[in-house]
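Notes for the one structure printed next.
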Amino acid sequence: MTTATAPGKIILVGEHAVVYGRPAIAAPVWGVVATAHIQERGEETAGEHGCVIVARDVGLTLRLRDAPPDQPLACVVRRTLQALALPPDPNWRIELTSQLPIAGGMGSGAALSAALVRAIFQHVGRAPTPEEVSGLVYVSEELYHGTPSGIDNTVVAWGQPIWFVRGQPPEVIRPGRAFTVAIAMSGIPSPTRETVAHVRSRWQQDRARYEGWFDAIGELAVAARRAIEAGDVTALGSLFDDNQALLARLEVSSPPLERLIQAAREAGALGAKLSGGGRGGNIIALVDPDRAKAVKKALVAAGATQVVITTVGGAES
Ligand code: MEV
């Protein structure tokens, strides 16, 4: 049996503006992963040869040969088999599991696809490059999200904090020192496709205003990279707050997210913002490690369904 994993992700600064060519910063979250297992199917299945994909966490069982062309996971399997010049319907059982909340803003779709690509490569004795993983995962991101910038597939493929500009190779960011982030799930599904479409329709109505906000977010990303590389968590915290104010103007925040952000700030977070598509999904709060417990407690009291504490730039990432 072959097993491969891929991490969840958070956008530290720059979501939405990144779709319009501005820079953004993302980090993997190795504490919550998606896993793919591949097993050769036994002799007893000889009469029904072929590839079966089972993803219990998303309630999915499908036969590769019957799956529609726009089924994201089947599409990733087909493209990966093609890339490796393998037969189109191998006699495999692929099992996918995920610790990531679905439509929770942590890149569950990208993580499942990345685990799948890695497992297929490994199963035939190949080690994929991050570029290969990212390119193949992008295929499913387009099916899930419509017009993705490519940041989610890139960060899960590299597995390290990245500086990302659409259409350019990512740059790995090395934090001057590790920093701690509390990720709070709102429990409200957040299909990225919808918030990205909302921002697009507003941008079409008033391009000048939206371009100005995207520029301002891009400048925050530049400043955040400097703060991360310098290990200046205080500066980074206030950049989170500034980014949140602009995300609220883009109309992708919501009262439940604002409640979580406020609770984190009141409990001593250095800054907090939504992360990913917004409306639902999750928020992230930059915390001193010794305040992490108190912030977590405040987030749960404010309605978070789950809180994950992660380190960016430490041993994990
Ligand atoms: C989603 O993680 C980030 C967005 O900027 C969408 C994208 O970049 O494709 C909202």
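The values are calculated or read from the model by the stated rules, or taken from the named source; none is laboratory data. Predicted, not measured: the structure shown is a model, and the values here were computed from it. For neighbour counting, all protein chains shown are included, and Cβ atoms are generated from backbone atoms with ideal geometry for every residue, glycine included. Side chains are part of the model used for accessible areas, which takes the heavy atoms of the whole protein and leaves out ligands, DNA and RNA. Shrake-Rupley method; radii C 1.70, N 1.55, O 1.52, S 1.80 Å.
One table, with the values for the structure above:
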quantity	calculated
Given (1) within 16 Å of the ligand (Cβ to nearest atom); (2) open to solvent by 60 Å² or more (accessible area, probe 1.4 Å), number of the condition Arg209 does not satisfy	(1)
Options Ala304, Ala294: the member that is assigned to a loop (DSSP other than H, G, I, E, B), farther than 17 Å from Leu12 by Cβ, among the hydrophobic types (A, V, I, L, M, F, W, C) and away from the ligand (no atom under 16 Å from the Cβ)	Ala304
Among the candidates Gly280, Gly271, Gly276, Gly237, residue that is among the small types (Gly, Ala, Ser), within 16 Å of the ligand (Cβ to nearest atom) and touching a strand residue (DSSP E or B) at 6+ places or on another chain (Cβ under 7 Å)	Gly276
Residue in the range 302-317 that is closer than 21 Å to Trp163 by Cβ, open to solvent by 70 Å² or more (accessible area, probe 1.4 Å), touching a strand residue (DSSP E or B) at 6+ places or on another chain (Cβ under 6 Å) and not aromatic (Phe, Trp, Tyr) present	yes
Close pairs from the range 121-149: first under 28 Å from Val199 (Cβ atoms), partner more than 13 Å from the ligand (Cβ to nearest atom) and in a loop (DSSP other than H, G, I, E, B), Cβ under 7 Å, at least 6 apart	Leu143/Asp70
The range 115-137: number of residues that are within 18 Å of Ala26 (Cβ to Cβ) and crowded, with 21+ Cβ neighbours inside 10 Å	4
Scope the range 278-291; condition part of a loop (DSSP other than H, G, I, E, B) and surrounded by 24 or more Cβ atoms within 10 Å (Cβ to Cβ); matching residues	Gly278, Gly281
Single match in Arg259, Arg225 (criterion: assigned by TED's automatic domain parsing to the domain that holds Val199, of a type in the set (Lys, Arg), closer than 14 Å to Ile11 by Cβ and part of a helix (DSSP H, G or I))	Arg225
Unmet requirement for Gly125, which otherwise passes all of (1) modelled with pLDDT of 95 or more; (2) under 15 Å from the mean Cα position of the chain (by Cα); (3) assigned to a loop (DSSP other than H, G, I, E, B)	(2)
Test: residue in the range 98-116 that is more than 16 Å from the ligand (Cβ to nearest atom) and out of contact with any Leu (no Cβ under 9 Å at 6 or more places or on another chain)	yes
Those residues of the range 46-78 which are in a loop (DSSP other than H, G, I, E, B) and open to solvent by less than 60 Å² (accessible area, probe 1.4 Å), in sequence order	Gly50, Cys51, Ala67, Gln71
Residue match in the range 58-66 (condition: closer than 24 Å to Ala103 by Cα, touching a Phe, Trp or Tyr at 6+ places or on another chain (Cβ under 7 Å) and not assigned by TED's automatic domain parsing to the domain that holds Glu211)	no
Residue in the range 213-230 that is within 12 Å of the ligand (Cβ to nearest atom) and open to solvent by 10 Å² or more (accessible area, probe 1.4 Å) present	no
Criterion: crowded, with 23+ Cβ neighbours inside 10 Å and either in a helix (DSSP H, G or I) or modelled with pLDDT of 95 or more (or both) - qualifying residue of Leu86, Leu81, Leu112	Leu112
Residue in the range 145-192 that is modelled with the highest pLDDT, counting only those that are within 10 Å of the ligand (Cβ to nearest atom) and surrounded by fewer than 16 Cβ atoms within 10 Å (Cβ to Cβ)	Thr147
Selection from the range 231-251 of residues that are closer than 16 Å to Ile284 by Cα, among the aliphatic types (A, V, I, L, M) and either open to solvent by 50 Å² or more (accessible area, probe 1.4 Å) or touching a residue at least 24 places away in the same chain (Cβ under 8 Å) (or both)	Val233, Leu236, Leu239, Ala245, Leu246, Leu247
